[in-house]
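J.: Right, I'll just put the structure down here and ask away after.
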Amino acid sequence: MKLLAAMILAAGLLSAVHIVHAADPDPLQDFCIADIAAGPVSNGFPCKLPALASTDDFAFSGLAEAADPSVSASNGTATLAFVREWPALNTQGLSFVRLDINPGGIIFPHTHNLATEILYVLEGEMYTGFVTNNFGNDPTISNKLYAKVVKKGEAFIFPRGLLHFQLNKGKVLASSLNVLNSQNPGIQLMPLALFGSGIDREMLEKSFFMNEAQVAALENIFQQ
Ligand SMILES: *[C@@H]1O[C@H](CO)[C@@H](O)[C@H](O)[C@H]1NC(C)=O
């Protein structure tokens, strides 16, 4: 009896673990082209009528060309192919982003709270990596950095939700195509979240050991 109870408990724990590690939920139909205008409902977007879907819904050309990174303050551009840009991703559990970074340019440190990401370098090279969290499964690797220069044809994985970044230390444009296991990975860019959101200055001064003028200078850059 005790063994049976232990087995049931173990099975319960395993399925709980499985739920915790699941990415987007499985689709309930072949496809569900998002009706973006209808807005996100409880989890994702409502489907447009399947009979109205066409081949063009499933095709996407928005990542074909490099974007111009110099339009960005960081000299690095992320071109999204998430569900809002490509409604056919709705319910399919994955998305793309293309990075184009000028020499010396960066993608600000950021997180995707809803997705794991794989970066694949198309051209050039990027110094990239991630930092583990403070209270992960092993306290000896708290805030540990895993980073390297990743070159054309090579890939790197950023575990779900962890802080990561890209810097082009090379001499030519660096581009990558990245896949994420959510239709809507979420992006939280740290400088914008901290200095562009209107957090009380005292909070920022005390967090970063900066004076009011230093905080104000960063707010000036990041507040939109
Ligand atoms: C952005 O990168 C280009 C090409 O490397 C460079 O000429 C330009 O000075 C950079 N802009 C800034 C603001 O760093």
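The values are calculated or read from the model by the stated rules, or taken from the named source; none is laboratory data. Source: prediction; values computed, not measured. Reconstructed Cβ throughout: ideal geometry from the backbone, glycine too, with neighbour counts over all protein chains shown. We work out accessible area using only protein heavy atoms, side chains counted, and drop any ligands, DNA or RNA first. Shrake-Rupley method; radii C 1.70, N 1.55, O 1.52, S 1.80 Å.
J.: Among the listed residues GLY76, GLY104, which satisfies the condition of being more than 17 Å from the chain's Cα centre (by Cα), within 16 Å of the ligand (Cβ to nearest atom), in contact (Cβ under 8 Å) with a residue 60 or more places away in the chain and open to solvent by less than 70 Å² (accessible area, probe 1.4 Å)?
T.: Going through GLY76, GLY104 in turn, just one is more than 17 Å from the chain's Cα centre (by Cα), within 16 Å of the ligand (Cβ to nearest atom), in contact (Cβ under 8 Å) with a residue 60 or more places away in the chain and open to solvent by less than 70 Å² (accessible area, probe 1.4 Å): GLY104.
J.: Next question, about the same structure. Here are GLY198, GLY136, GLY161: which of them is under 23 Å from GLY76 (Cβ atoms) and part of a loop (DSSP other than H, G, I, E, B)?
T.: One residue alone meets the criteria, GLY161.
J.: For the condition closer than 18 Å to TYR120 by Cα and aromatic (Phe, Trp, Tyr), what is the one hit in PHE195, PHE208, PHE156, PHE222? Please lay out each step first, then the result.
T.: Working: PHE195 fails: closer than 18 Å to TYR120 by Cα; PHE208 fails: closer than 18 Å to TYR120 by Cα; PHE222 fails: closer than 18 Å to TYR120 by Cα.
Only one candidate passes the filter, namely PHE156.
J.: On to the next question. Just give me the residues in the stretch 150-197 being over 30 Å from GLN92 (Cβ atoms) and either among the acidic types (Asp, Glu) or open to solvent by less than 50 Å² (accessible area, probe 1.4 Å) (or both), in sequence order.
T.: Across the stretch 150-197, the qualifying residues are LEU167, ASN168, GLY170, PRO191, PHE195, GLY196.
J.: Right, another one. Among the listed residues THR132, THR128, identify the single one that is modelled with pLDDT of 95 or more, more than 30 Å from ASP35 (Cα to Cα) and assigned by TED's automatic domain parsing to the domain that holds ARG84. Explain how you work it out, then say what you get.
T.: Values: THR132 fails: modelled with pLDDT of 95 or more.
Within the list THR132, THR128, the selection yields THR128.
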